[in-house]
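Take a look at the structure below.
Taken together, the values in this text are just the output of simple stated rules run on the coordinates, not laboratory data. Everything numeric in this text was worked out from a predicted model, so none of it was measured. Glycine also receives a Cβ, built like all others from the backbone with ideal geometry; neighbour counts cover every protein chain displayed.
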Amino acid sequence: MNESDQKKLAIIWLSVDKQAAIDMALLYARDSLLNGWWQQVELILWGPSVQMAAESEALQQELELLRNVGVEIKVCLACAVRYGVSRQFSDRGYEVRGMGEHLTELLAGSHPVLVI
């Protein structure tokens, strides 16, 4: 099965609501893969979620759990630079890069994008 045939979901997490992140964005990303609802899940940290994730040990643990079950985690470079945390994410092995073009590709593509 090629990538275009896969059931892929992109979740853009930008909310500053920590509980919404834990109870919706992160929970759904994890359960989607574990239950086979989606074959591939990508979580993009954007905007203030980048700072919140960098400052919260609980969120960092959640992100590590997601990564361990196969969720692709990407961090907006401009946001990480703005909040002074780009190295923190790259040192942990997360993909930190510009997301504008990637978001445009996601929106123009055939896979759904969920914004939280």
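Among the residues in region 18-34, are any outside any helix (DSSP H, G or I) and not aliphatic (A, V, I, L, M)? Break it down stepwise before answering.
From region 18-34, those outside any helix (DSSP H, G or I) are none; that's our starting set.
The answer is no, given that none of the residues of region 18-34 is outside any helix (DSSP H, G or I) and not aliphatic (A, V, I, L, M).
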Quiz prompt | Scan of region 93-116 for residues that are among the charged types (D, E, K, R) and either over 23 Å from Met24 (Cβ atoms) or exposed (fewer than 12 other Cβ atoms within 10 Å of the Cβ) (or both), ordered by number | solution = Arg97, Glu101, Glu105
Practice problem: Residue by residue through region 80-99, note down the ones that are assigned to a helix (DSSP H, G or I), of a type outside the set (D, E, K, R) and without any contact (Cβ under 8 Å) to a residue 24 or more places away in the chain. | Solution: Val81, Ser86, Ser90
Quiz item: Which of the residues belonging to region 66-79 are in contact with a Leu (Cβ under 8 Å, 6 or more places away or on another chain) and either of a type outside the set (D, E, K, R) or buried (at least 20 other Cβ atoms within 10 Å of the Cβ) (or both)?
Solution: Leu66, Val69, Gly70, Val71, Ile73, Val75, Cys76, Cys79
Practice problem: Within region 56-79, identify whether any single residue is assigned to a helix (DSSP H, G or I), closer than 15 Å to Ile11 by Cα, touching a strand residue (DSSP E or B) at 6+ places or on another chain (Cβ under 8 Å) and not charged (D, E, K, R), and answer yes or no. | Solution: yes
